[in-house]
Each structure stands twice: as C-alpha cells, then as structure tokens.
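A short reminder: the numbers here are calculations on the coordinates, not readings from a lab. Keep in mind the model is a prediction, meaning the values are calculated, not measured. Here Cβ is always computed from backbone atoms with ideal geometry, including for glycine, and neighbour counts include all displayed protein chains.
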Amino acid sequence: MHTFDLSMEHITKIEGAASLSVKVVDDKVVDVKFQTVEYKRFFTEALKGKPILAVPQHLARICGTCSNAHIMCAIEACEAALGITPTEQTQKLRSLTMHGLIIRDHALHLFLFSLPDIYKLDAFLDLDESDPAQHQILHDGFDIKAAGNYLATLIAGRSVHATYPTIGGFLHFPDKAGIDEAVKKLNDIRPAVLRLIEIFKNSPFHFDRKTHYMALAPEKSFGYIHGRIMTSQGETYGPEKYRDHLEHVVLPYSQASAYEYQGEGYMVGSLARINLAKETLHPKTKESLGKTLDLFPSTDIYYNNLAQAIEILHSVDESIDLLTQNEFKPEPLVKAPYREAVGVGVIEAPRGTLYHKIELNVDGTIKQGEVIVPTGQNQINIERDVGTLVERILPTMEKEAIEMEIEKLIRAYDPCMSCAAHFLKVSWAGNSTPKAARA
Amino acid sequence: MADTPFQKIKIGWFSFSCCEDNTIVMTEIMNEHWQEWKKLFDFRHARVLKFKNVMDEFDVAFIEGAIASPEHEAKLKDIRQRSKKLVAVGACAVTGLPSGQRNTFTPEQKEAIDFLVARFGALPKVLRVKDVVPVDVELPGCPMNPDAFLKAVNGLVVELRPELQTQSPNIK
C-alpha cells in the first residue's frame with residue numbers, strides 16, 4: 001500500500017508555469033491540486049478607470065499565445081456595452097484573425113508540446129533530420145506555424161498582441177499580394193495538416209472518462225466567434241443569457257476545486273467543440289477526414305489533440321474561402337457614444353470558451369471587469385483525471401514514470417497558465433480562495 | 001555550416017512574471033531558423049521546449065518577465081552568475097510593465113490587493129531585471145521586435161564563437 005505526497009513544481013511543455021500536487025493514502029488519491037505558480041499581474045484590478053478604447057490591448061497582455069483571442073473577446077464585450085454592431089467585413093476579418101490564431105497556436109501545442117511524447121523524445125527539436133519521416137515532421141511543424149503566423153500578421157498586424165483590430169472595426173486592411181501569398185501558404189500546408197491528423201489519430205495514448213462538454217457552438221458553419229453556448233446535455237444559451245450564465249454557472253464553477261465540487265464537471269476546448277458541432281465543419285474538411293470524424297463525440301481526453309488537428313484543417317479550408325471569395329476595402333470604424341452599460345463577450349479561444357465582462361461608466365471609463373478563461377473551467381476535470389490516472393498506474397510505475405504520464409495527460413488539455421494565473425483557484429492549506437482573491 | 005565541430009552555444013530561456021509573448025515570438029522566429037539553431041544552440045534550460053532541463057552554465061541566458069518575488073530575485077541572481085551573457089527580452093523585463101502594473105495602482109487599489117501580495121509572498125514593488133542583476137543586452141517591446149532579437153542573437157554568436165565567422169557565419 002502506498003501513502004505519499006507527489007509534488008511536481010514545474011510542468012514542462014505547457015504554456016506558462018503550473019505545479020501539481022497529489023496526496024495518496026493507502027493507494028487512494030485523496031487530493032489533487034493543479035495550480036499556477038505565476039505571480040498575479042492584476043489585470044482585472046488594472047481595468048478600473050481605464051478608457052474603454054484601451055481595454056482590448058490591455059487584456060491582450062494577459063497571455064502571449066491566447067493574446068488575439070483576448071482581443072477579440074474584449075472587443076465583443078466593449079461593443080456589446082456600447083451597442084455597436086460590426087460590419088460584415090469586420091466580422092470576416094475577425095474570423096480570419098481567429099483562424100490564423102488557431103492554426104499557429106494549435107500547431108505550437110501539437111508539434112512542440114504533445115508530439116515529442118508520441119516519439120518518446122524530450123523535445124520537438126530532438127527529431128532526427130537524417131530520418132526522412134522525422135525530417136518531414138520537423139518541416140511540417142514549422143511550416144504550419146509559419147502559415148498561421150503569416151495569416152495573423154496579414155489580417156491583424158501580429159500573432160501576438162495584434163495591432164489592427166479595435167472596437168468598431170480594423171485599423172488596416174489586407175492587400176491583394178498579401179492575400180494571394182496567404183492563400184498559397186495555406187494550400188501548401190494542407191498536406192502537412194493531413195499528416196498531423198494521422199499522427200494524432202494513431203496516437204497510442206488514451207484516457208477515457210465521462211464528462212459533460214460546453215462550447216460556443218455555431219448555428220451554420222464551424223467557427224470561434226458566433227453561435228450559442230451549447231452543452232452536451234442539450235442546453236443552449238444565446239447572447240441575451242450570456243451574463244446570467246457567466247455569473248451563475250461559469251464563474252462559481254471556475255472557482256471550485258475538484259475535491260469540493262459536488263456536481264458534474266464539464267470540459268471546454270477543441271474536443272468539446274468537435275463533439276458538439278462536427279457537422280458544421282467545412283465540407284472539404286469533412287471530405288478529407290472521412291471516417292476519422294466517426295471517432296467523435298468522444299470522451300477520450302487524448303482526442304483533444306486530434307480535435308485540435310482537425311480544427312487546423314477547418315481553419316485552413318475556411319480561410320482560403322474567406323480570402324478568395326471576398327474583396328477587403330478600407331472602412332471607417334463604427335463608433336457609438338459612451339453610456340453606462342454592461343457588456344459580455346464570449347468566444348472560443350484555442351483552449352476553450354473565453355468570457356470577458358466589462359462595466360462601463362458614462363464617461364467611457366471602466367468601472368470593473370471580469371475574465372473567465374478556459375483553463376480555469378477545466379481545472380476540475382484536470383484534477384479529477386490526474387487523480388484517476390495516478391490510482392490506475394500506481395501499482396505498476398516508478399515515480400519518474402508517473403510524473404511523465406501526468407504531464408502527458410495535462411498536456412492533452414493544453415492548459416494556458418498565463419491566462420489561468422489570474423483566474424485559477426489557489427488553495428492554501430485546503431481552504432477555498434475567497435472571491436476577492438481573483439485579480 | 002562548416003563540418004568542423006565546435007561547441008554549441010549553451011542557451012537558457014527563463015520566464016518570470018509575464019505573459020510569455022516573447023517566448024511565443026521566439027518560437028515563431030524559429031519557423032525560419034530552426035535548422036541553423038539546431039546546429040548552433042544547445043537549449044540547456046527551456047521549459048517551453050523540453051522536460052529535461054539542466055541548470056549548470058549558460059553562454060546566453062534570456063530573461064523574460066518582471067521580478068515579482070524574493071524567489072524570482074534569488075533565481076535571477078543564480079542564473080546571472082551561471083551565464084556569460086544575460087539578455088532581458090520584452091517590456092516586462094526591461095521596463096517592469098505591464099506585469100508590474102500594481103506599482104502604478106492608486107492607494108485604494110493597492111489596499112484592495114494588499115492581502116494577496118502579502119499572502120503570495122510577493123515583493124512590495126515589482127522590479128525590472130536590471131534592478132536585480134547587470135544586463136548585457138536589452139530588447140524592449142511588447143512583444144520584443146523579431147528583427148532586433150535576431151540582430152542581437154547574431155551579434156552574440158559572433159562574440160561567443162568568432163571561429164564560426166571564417167566558416168559559415170550567416171544565420172540571418
């Protein structure tokens with residue numbers, strides 16, 4: 001019988017800094033804490049008094065990789081508060097911004113973070129260039145990332161803390177030469193994305209457990225900005241219900257700990273999105289995937305990786321359509337007078353559903369705000385799954401092997417700790433964090 | 001690159017209180033430079049890239065993020081004494097902001113977050129990297145400018161491995 005505390009100070013190959021502690025008594029896991037080791041940077045406190053126009057660029061700095069998702073979500077919340085409806089062109093440019101992000105960010109996670117585990121390597125760069133198959137994977141990884149980066153730079157100015165999107169529209173518009181180059185790059189990487197899908201479809205890792213799923217699911221075609229919040233239990237919430245849902249379901253859930261929360265958990269992320277809305281994927285994507293899509297809906301967390309690879313393909317196909325079927329022309333920003341109001345933005349960031357809420361003063365400054373990130377919502381599932389995993393493998397594995405298995409599982413969730421640093425519950429000596437502690 | 005073997009440049013990449021935007025930019029710069037970097041650099045410590053990280057000695061340590069705690073300070077000093085060159089990357093490392101934005105809070109805001117600062121054992125004031133250790137190169141920007149980063153890296157390669165310049169120096 002084993003009784004011990006397992007403590008992992010810094011999980012590697014994830015975004016940001018996280019630690020994990022597991023308490024085992026007589027072979028039973030009695031507590032798991034997945035925590036940030038980041039020091040708080042107080043983004044929501046710093047919102048107070050800021051002019052509304054500064055909000056998207058301010059909240060972008062929560063995270064270097066999810067950055068453009070925060071910008072899109074903040075813009076949506078600010079426009080909701082101001083009563084601004086973006087133009088059709090703006091909506092298409094925002095979709096393209098998200099596609100660039102999805103392609104680049106998912107590729108970063110899949111190639112640099114998760115793929116080394118499949119090849120039993122420490123790092124992606126350890127792949128052997130003299131082996132043709134591994135050489136191909138090295139090129140594929142960097143080429144896909146580069147294509148996503150190019151698209152984001154063309155449409156939004158940068159992949160990280162994009163400069164063109166703002167409240168009411170865009171400050172800069174893509175030129176024909178840039179668009180043609182983007183379409184070429186996206187077409188060129190499509191075979192690489194298909195190879196990536198095969199790798200993760202055939203991954204030897206599986207971890208199955210029942211959970212509910214939640215995502216902003218589209219009504220027509222798969223995407224990350226428009227839709228209704230949908231759950232795997234069949235509930236849906238439109239924009240008129242966002243605030244209520246945020247305050248009464250999502251917020252308390254993201255503050256709970258796995259071993260205190262009595263209800264049923266839910267997961268957000270690619271797996272949730274594909275589980276809930278795979279029929280709305282681009283027709284070309286579905287055609288290429290064939291029977292692979294029959295694997296979904298799935299309760300295997302490692303298929304979150306496969307779901308991300310599928311989303312890259314969809315974003316490639318959808319972006320090519322958007323770029324070739326539209327002409328983008330300079331447009332003025334849509335503006336509206338300041339007023340006292342509350343605005344909520346909900347989008348699907350790469351790692352799952354992201355919520356921003358802002359309360360606007362009549363002078364255009366922010367009274368206060370709230371941000372709920374995907375990783376905060378996945379904390380309960382991460383902790384429960386790690387607990388289950390440890391109990392399963394404890395009889396047969398040594399400590400270092402257990403730690404590597406835990407890291408692999410955590411990586412499948414693709415947690416973002418820069419985001420979660422502010423919004424992840426942190427326990428001290430087993431007590432819950434009071435609400436004011438989230439900053 | 002020449003066939004003559006040489007000792008790879010030992011790199012450490014460290015992130016303190018930040019959003020890791022410079023880390024992401026570095027991984028994007030890698031898209032076009034990975035083949036040279038694989039030959040040139042030994043990433044000894046880079047948690048974003050690998051599991052087996054070693055704290056021994058570095059030719060170049062890249063420091064991202066502001067210094068928010070006594071633990072950060074101690075770690076940074078340790079890195080400095082193990083490193084020939086230390087490069088502060090990004091606005092938080094160079095100016096302390098935006099990660100150190102609590103330094104600019106009103107008295108009311110400071111009071112509101114005081115218990116958290118104390119509870120986490122954070123420093124009363126968030127510091128810049130150069131407030132704690134000497135810095136050889138600064139690359140400001142939120143995020144850092146990719147061209148400035150490459151120029152700095154090229155300069156360091158020339159300085160640390162002058163013998164490479166007669167072989168095949170270009171890593172533009």
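Dipole magnitude for region A:1-95: about 360 debye, using +1 per Lys or Arg Cβ and -1 per Asp or Glu Cβ, origin at the Cα centre. Spatial offset of region B:1-80 relative to region A:269-283 amounts to 37 Å, using the alpha carbon center of each.
In region B:9-165, what percentage of the DSSP-assigned beta bridges are antiparallel, given to the nearest 5? Kindly include the intermediate steps, with their values, before the conclusion.
Details: 3 of 22 bridges.
Here the antiparallel bridges make up roughly 15 percent for region B:9-165.
Going by the alpha-carbon gyration tensor, a ≥ b ≥ c the square roots of its eigenvalues, is region B:24-146 rounded (a/c under 1.5) or, if a/c is not under 1.5, prolate (a/b greater than b/c) versus oblate? Prolate is the answer for region B:24-146, as a/c is 1.5 or above and a/b outweighs b/c. Note on residue A:335: lysines with a C-alpha under 24 Å away, same-chain residues under 8 apart excluded, are A:48, A:50, A:92, A:357, A:367. Each Cα pair under 8 Å and six or more residues apart adds its separation to the average, and for chain B the resulting relative contact order is 26 percent. If you take the charge dipole of the protein assembly as shown about its Cα centre, with +1 on Lys and Arg Cβ and -1 on Asp and Glu Cβ, which of A:390, A:288, A:254 is farthest toward its positive end? The one lying farthest along the dipole's positive direction is A:254.
For chain A, the 222 nm mean residue ellipticity estimated from helices alone, with every DSSP H stretch of n ≥ 4 adding -39500 (n - 2.57) and the total spread over all residues, rounds to -13500 deg cm²/dmol.
Farthest toward the positive end of the dipole of chain A, out of A:364, A:245, A:333, is the Cα of A:364, where the dipole comes from beta carbon charges about the Cα centre. Couplings 3J(HN,Hα) of region A:165-171, computed from phi: x, 8, 4, x, x, 10, 9 Hz, in residue order, whole Hz [Karplus 6.51 cos²θ - 1.76 cosθ + 1.60, θ = phi - 60°; x for Gly and Pro]. Modelled spin labels at residue A:173 and residue A:37, positioned 7 Å past Cα toward Cβ, are 4.9 nm from each other.
Which shape class applies to region B:100-172: rounded if a/c is under 1.5, otherwise prolate when a/b exceeds b/c and oblate if not, where a ≥ b ≥ c are the square roots of the Cα gyration tensor eigenvalues?
prolate
The H on the amide N of residue A:169, modeled in the peptide plane, is under 5 Å from the matching H of A:334, each at least 5 residues off or on a different chain.
What FRET efficiency do you get for residue B:39 and residue B:148 if R0 is 30 Å and r is their Cβ-Cβ distance, rounded to the nearest 0.05? Let's see the in-between values first.
Working: r = 23 Å, r/R0 = 0.76.
FRET efficiency, residue B:39 to residue B:148: 0.85.
Site pair residue A:208 and residue B:136 shows an inter-label distance of 5.4 nm when each label is modelled 7 Å from Cα along Cα→Cβ.
Here r is the Cβ-Cβ distance between residue A:335 and residue A:295 and R0 is 45 Å; the resulting FRET efficiency, rounded to 0.05, is 0.45.
Spin-label pair residue A:240-residue A:126: with each label point 7 Å from Cα along the Cα-Cβ axis, the two points sit 5.6 nm from one another.
When DSSP assigns beta bridges and you keep just the ones with both residues in chain A, what percent turn out antiparallel, to the nearest 5? Please list the in-between numbers first.
Working: 39 of 42 bridges.
So the antiparallel bridges amount to about 95 percent of the total.
Shown here for region A:17-122: trypsin sites (Lys or Arg not before Pro) in loop regions (DSSP other than H, G, I, E, B) with at most 10 other Cβ atoms within 10 Å, namely A:120. Based on DSSP H segments of at least four residues, each scored -39500 (n - 2.57), chain B has a per-residue ellipticity at 222 nm of -12000 deg cm²/dmol.
3J(HN,Hα) couplings calculated from phi for region A:291-296 with the Karplus curve 6.51 cos²θ - 1.76 cosθ + 1.60 (θ = phi - 60°) are, in sequence order, 6, 4, 5, 5, 5, 10 Hz; Gly and Pro show x.
Normalised by the number of residues in chain A, what is the relative contact order in percent for Cα pairs under 8 Å and 6+ residues apart?
Numbers: 834 pairs, mean separation 112.3, N = 439.
Dividing the mean separation by the residue count of chain A yields 26 percent.
Amide H contacts for residue A:119 (H built 1.01 Å from N in the peptide plane; partners 5 or more residues away or on another chain; cut-off under 5 Å): none found.
Computed 3J(HN,Hα) for region A:107-112, one whole-Hz value per residue from the Karplus formula 6.51 cos²θ - 1.76 cosθ + 1.60 where θ = phi - 60°, is 5, 4, 5, 5, 7, 7, glycine and proline marked x. For the pair residue A:264 and residue B:51, a Förster radius of 51 Å applied to the C-beta separation gives a FRET efficiency near 0.95, rounded to the nearest 0.05. Scanning chain B for long hydrophobic helices, with DSSP H runs required to stretch 15 angstrom or more by C-alpha along their axis and to average at least 0.5 on the Kyte-Doolittle scale, returns B:146-160. Toward the positive end of the charge dipole of the protein assembly as shown, about the Cα centre and with charges on Cβ (Lys, Arg +1; Asp, Glu -1), which of B:115, A:77, A:191 goes farthest? So the residue furthest toward the plus end is B:115. Taking the Cα centre of the protein assembly as shown as origin and assigning +1 to Lys and Arg Cβ atoms and -1 to Asp and Glu Cβ atoms, the resulting dipole is close to 900 debye.
About its Cα centre, how strong a charge dipole does region B:1-104 have in debye, to the nearest 20, once Lys and Arg get +1 and Asp and Glu get -1 at the Cβ?
Values: 15 positive and 14 negative charges, 64 e Å.
Approximately 300 debye in magnitude.
Taking every C-alpha pair closer than 8 Å and separated by at least 6 residues, the mean separation divided by the residue count of region A:93-212 gives a relative contact order of 26 percent. Pull out a ≥ b ≥ c, the square roots of the eigenvalues of the alpha-carbon gyration tensor of the protein assembly as shown, then state rounded if a/c is under 1.5, prolate if not and a/b is larger than b/c, and oblate in the remaining case. Verdict is rounded for the protein assembly as shown.
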